[in-house]
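The values are calculated or read from the model by the stated rules, or taken from the named source; none is laboratory data. If you're wondering where the values come from, they're calculated on a predicted model, not measured in any experiment. With ideal geometry, Cβ positions are generated from the backbone for all residues, glycine too; neighbour counts draw on all protein chains shown. Keep in mind that these areas ignore ligands, DNA and RNA; they rest on the heavy atoms of the full protein, side chains included. Shrake-Rupley method; radii C 1.70, N 1.55, O 1.52, S 1.80 Å.
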Amino acid sequence: MSNTNTIAVEQAFDVEKIRNDFPILKQSVYGKPLVYLDNAATSQKPKMVIDTLCRYYTKTNANVHRGVHFLSEKASHEYEETREKVRQYINASSHEEIIFTRGTTEGINLVAQTFGRQNVREGDEILISTMEHHSNIVPWQMLCSEGRATLKIIPINDKGEIIVEEYERLLTPRTTLTAFAHVSNSLGTVNSVKHMIEIAHNKNVPVLIDGAQAMPHYRIDVRDLDADFYSFSSHKMFGPTGIGVLYGKKSFLESMPPYQGGGDMIKSVTFEKTLYNDLPYKFEAGTPNIADTIAFGAAIDYLGALDFESIQEYEHELLEYATERLSAIEGINIIGTAEHKASVISFTLEGVHPHDIGTILDREGIAIRTGHHCAQPVMQRFGVPATARISFALYNTREEVDALVNGISRVKEIFA
Ligand code: C6P
């Protein structure tokens, strides 16, 4: 991108204004300004989310769907308001399709343990890809081992892209479900999910999308994608931890058995028989994470007010800038060079273990993630035990990329 374009993008998208919304970014670590480049692990929270949490516990705290008193009604109203905000935000057709979970992981486990157990028979297949996070591998392995079904794996090429012809070939009449990431957390690859969903549907195979890494960067329209299930976490979208969403098409959710039993998921209980509640409550047993759900609503408000087109341009420009600067450093090898990438760069540095890179950068005030990123099969595919990973959010800047590059020079000096 030329300098003129870069300036135009930066003017349209006021990163300093955005940074002001995130109080944590103002602090220093080891006497250095914090450079937070671990957003794929969890993003930071804007003040309006933090304030909502504080306000909830100061003014509202009560259990939901249970009390007739003022506070309980208020809490229930705000809790359900978030469901409606999420519904609108992802363009689901009904609030019944929005199931609150603890996060992406729980959403995937829910589908594996309900839809999966109900539909997978001996000899059936579940199809996932090589680039999946453990959350989208292990629940299917558990299911397959119970029902003696087989887990099939879509290969990826050397750039870290799904080989779509192989995907198509691996979808067979035995495939009960296919599940893959929208955006890879370890490679940054953005999969062509709409196209892949269409291919699966042409073969009558339902699709679950792991949307954990896509939600902070894109405006997702589940109806446009035609996803059958789409699972994501609030904490990667500038909301609190411990709350997430499983979107599911009503036709699927209605026929699935409950996930857990307990309060709120029933209409009536006798020792002889229990009648389950309607959607979405059938899948929400027990007192939910009320405060974080309501604060997640504030995060949705925050995201909803942003201009995603300029965010995407800005983040893309930052990714290109960082890729260019990192590639110029001798000894750096970037893992994951897909045509379509989101804000993740995984790399190795010759002669230095990724953990050492992370530790030295930390002393410079720079937070990155090192290790296998809960995607060990990806590490095996690329023949590395671990990588260093930087991941951007909309509040990161070119100056922070420069600080990272200086930090890596420091790592090289120490290991020279
Ligand atoms: N990845 C990372 O540093 P939970 O933990 O349920 O909110 O999200 C799990 C998950 C599922 N799928 C993908 C693609 C993910 O990236 C993650 C979380 C973090 O990459 C923590 S391991």
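For the range 363-377, how many residues meet the condition of being within 11 Å of the ligand (Cβ to nearest atom) and of a type in the set (A, V, I, L, M)? So that I can check it myself, show each step before the final result.
So the first thing to find is which residues in the range 363-377 are within 11 Å of the ligand (Cβ to nearest atom), and the list is 368-375.
Applying the additional criterion that residues be of a type in the set (A, V, I, L, M) yields 368, 375.
The qualifying residues number 2.
Can you list residue pairs whose Cβ atoms sit under 7 Å apart, with the first residue in the range 303-318 being of a type in the set (D, E) and the second being at pLDDT 95 or above? Count only pairs 6 or more apart in sequence or on different chains.
E315/H217; E315/F392; E315/L394
List every residue pair whose Cβ atoms lie under 7 Å apart, where the two residues are 6 or more positions apart in sequence or sit on different chains, the first residue falls within the range 353-376 and is open to solvent by 60 Å² or more (accessible area, probe 1.4 Å), and the second residue, located anywhere, is among the charged types (D, E, K, R).
Within 7 Å, the pairs are R369/D38; R369/R389.
Check whether at least one residue in the range 110-126 is open to solvent by less than 50 Å² (accessible area, probe 1.4 Å), in a loop (DSSP other than H, G, I, E, B) and either within 16 Å of the ligand (Cβ to nearest atom) or among the polar types (S, T, N, Q) (or both), and report yes or no.
Let us first name the residues in the range 110-126 that are open to solvent by less than 50 Å² (accessible area, probe 1.4 Å), namely 110-116, 120, 123-126.
Among the residues that remain, those that are also in a loop (DSSP other than H, G, I, E, B) are: 120, 123-124.
From what's left, either within 16 Å of the ligand (Cβ to nearest atom) or among the polar types (S, T, N, Q) (or both): none.
Scanning the range 110-126, I find no residue that is open to solvent by less than 50 Å² (accessible area, probe 1.4 Å), in a loop (DSSP other than H, G, I, E, B) and either within 16 Å of the ligand (Cβ to nearest atom) or among the polar types (S, T, N, Q) (or both), so the answer is no.
Among the candidates V120, V111, single out the residue that is in contact with a helix residue (DSSP H, G or I) (Cβ under 6 Å, 6 or more places away or on another chain) and at pLDDT 95 or above.
Numbers: V111 fails: in contact with a helix residue (DSSP H, G or I) (Cβ under 6 Å, 6 or more places away or on another chain).
Answer to the selection: V120.
Any idea which residue in the range 309-360 is nearest to L187 (Cα to Cα), counting only those that are of a type in the set (S, T, N, Q) and touching a Phe, Trp or Tyr at 6+ places or on another chain (Cβ under 8 Å)?
If we filter the range 309-360 for residues that are of a type in the set (S, T, N, Q), which is where we start, we get 310, 312, 323, 327, 333, 337, 343, 346, 348, 359.
This time we only want the ones that are touching a Phe, Trp or Tyr at 6+ places or on another chain (Cβ under 8 Å), so: 310, 312, 333, 343.
On the way: S310: 23, Q312: 18, N333: 12, S343: 9 Å.
It comes out as S343.
Any idea which residue in the range 1-54 is nearest to G103 (Cα to Cα), counting only those that are open to solvent by less than 50 Å² (accessible area, probe 1.4 Å) and modelled with pLDDT under 95?
F13
List every residue pair whose Cβ atoms sit under 6 Å apart, with the two residues 6 or more apart in sequence or on different chains, where the first one lies in the range 98-109 and is open to solvent by less than 30 Å² (accessible area, probe 1.4 Å) and the second, anywhere, is among the aromatic types (F, W, Y).
Final answer for the pair search is I99/F283; T104/F232.
Can you tell me which of A291, A299 is buried (at least 20 other Cβ atoms within 10 Å of the Cβ) and under 18 Å from the mean Cα position of the chain (by Cα)? Give the steps one after another, and end with the answer.
On the way: A291 fails: under 18 Å from the mean Cα position of the chain (by Cα).
When all the criteria are applied, what remains is A299.
Name the residues in the range 127-139 that are more than 24 Å from P258 (Cβ to Cβ) and either open to solvent by less than 10 Å² (accessible area, probe 1.4 Å) or outside the structural domain of E161 (by TED's automatic domain parsing) (or both), would you?
Hits for the range 127-139 are L127, I128, S129, M131, E132.
Surrounded by 15 or more Cβ atoms within 10 Å (Cβ to Cβ), of a type outside the set (S, T, Y) and in contact with a Phe, Trp or Tyr (Cβ under 6 Å, 6 or more places away or on another chain): does that describe I163? I'd like the intermediate steps shown before the answer.
Values: surrounded by 15 or more Cβ atoms within 10 Å (Cβ to Cβ): yes; of a type outside the set (S, T, Y): yes; in contact with a Phe, Trp or Tyr (Cβ under 6 Å, 6 or more places away or on another chain): no.
So I163 fails the test.
Step by step: first the residues of the range 378-391, then only those that are crowded, with 19+ Cβ neighbours inside 10 Å and among the polar types (S, T, N, Q), then the one that is farthest from the ligand (Cβ to nearest atom). Which residue is that?
T387
Which of the residues spanning the range 259-273 are over 29 Å from the mean Cα position of the chain (by Cα) and closer than 25 Å to K249 by Cβ? Give the steps one after another, and end with the answer.
Taking the range 259-273 first, the residues over 29 Å from the mean Cα position of the chain (by Cα) are 266-273.
If the condition is that a residue be over 29 Å from the mean Cα position of the chain (by Cα) and closer than 25 Å to K249 by Cβ, then I266, K267 are the ones that fit.
I'd like the full set of residues that are without any contact (Cβ under 8 Å) to a residue 40 or more places away in the chain and closer than 17 Å to S94 by Cα, limited to the range 243-283.
Across the range 243-283, the qualifying residues are S251, E254, N277, K282.
Mind checking whether some residue in the range 182-200 is part of a helix (DSSP H, G or I), open to solvent by less than 10 Å² (accessible area, probe 1.4 Å), away from the ligand (no atom under 16 Å from the Cβ) and at pLDDT 95 or above? Lay out the reasoning, then the answer.
Going through the range 182-200, the residues part of a helix (DSSP H, G or I) turn out to be 193-200.
So of that shortlist, the ones also open to solvent by less than 10 Å² (accessible area, probe 1.4 Å) come out as 193, 196-197, 200.
Filter once more, so that each one left must be away from the ligand (no atom under 16 Å from the Cβ): 197, 200.
Cutting the leftovers down to at pLDDT 95 or above gives us 197, 200.
Yes, the range 182-200 has at least one match.
Yes or no: the range 256-268 includes at least one residue that is surrounded by fewer than 22 Cβ atoms within 10 Å (Cβ to Cβ), out of contact with any Leu (no Cβ under 9 Å at 6 or more places or on another chain) and either in the same structural domain as L394 (by TED's automatic domain parsing) or not in a loop (DSSP other than H, G, I, E, B) (or both).
Scanning the range 256-268 turns up no residue that is surrounded by fewer than 22 Cβ atoms within 10 Å (Cβ to Cβ), out of contact with any Leu (no Cβ under 9 Å at 6 or more places or on another chain) and either in the same structural domain as L394 (by TED's automatic domain parsing) or not in a loop (DSSP other than H, G, I, E, B) (or both).
What number goes with the only condition from (1) without any contact (Cβ under 8 Å) to a residue 12 or more places away in the chain; (2) away from the ligand (no atom under 16 Å from the Cβ) that E166 does not pass?
Condition not satisfied by E166: (1).
Please tell me if F238 is assigned to a loop (DSSP other than H, G, I, E, B), within 16 Å of the ligand (Cβ to nearest atom) and open to solvent by less than 10 Å² (accessible area, probe 1.4 Å).
So F238 fits the description; yes.
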